[in-house]
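So the structure is just underneath, and the comments pick up after that.
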Amino acid sequence: MAENQAARRILVGVTYGQPDVVLRHAARFARTFQAALVCAHVDPGRYVVEELPDGSVASLPLDPDLPELKDTDFDQGLVAQVRAAVADESVELSFRELAGDVAYALTRLADILDVEMIIVGSRRGGVRAGLKQFLTGSVAAHLAHRQPRPVVVIPVAPVAEGKPLPWEE
């Protein structure tokens, strides 16, 4: 790994059930740009009570009846999924567990770490995904319009030419 790699960072948003293609592309970008890959998961069911110097946060659940979890722990199953997906790329990985609005949390972490770019996956097709995007908006669109860094959107389910897009059906 290059000596300057630790100084350069690329941020990738990581979610449960995310196709590995997003992680593989993010790792390739990191390798190409000689950057470390920062994997961030944002839990929208929690709110931030303290921001730590490394960009991670102390948070509490919105629902006080939910079981207490150590708020800065990145899920080890998700860590294993990320490591398996990027095993062929030799990139430095780090993990941050965040809370609150996904686009805002990724933007804030990007500012703190001064990352080169933010990478997210496109949304999946289907009624449920369309309803969620209608209610909350696209994370990629929020990022592209509300912060100064390049945003790379990795297609997770490309639609063949001539086929209708999910929201056109």
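What is the number of the single condition among (1) under 22 Å from V156 (Cα atoms); (2) out of contact with any helix residue (DSSP H, G or I) (no Cβ under 8 Å at 6 or more places or on another chain); (3) buried (at least 16 other Cβ atoms within 10 Å of the Cβ); (4) at pLDDT 95 or above that R28 does not meet?
(3)
Give just the number: which of (1) of a type in the set (F, W, Y); (2) outside any helix (DSSP H, G or I); (3) under 24 Å from R149 (Cα atoms) does F74 not satisfy?
(3)
Could you grab me the full set of residues in the range 109-121 that are surrounded by fewer than 20 Cβ atoms within 10 Å (Cβ to Cβ) and assigned to a helix (DSSP H, G or I)?
Correct list: D111, I112, L113.
The values are calculated or read from the model by the stated rules, or taken from the named source; none is laboratory data. Since the structure is predicted, the reported quantities are computational estimates derived from the model, not experimental observations. Neighbour counts are summed over all protein chains in view; Cβ atoms, including those assigned to glycine, are modelled from backbone coordinates with ideal geometry.
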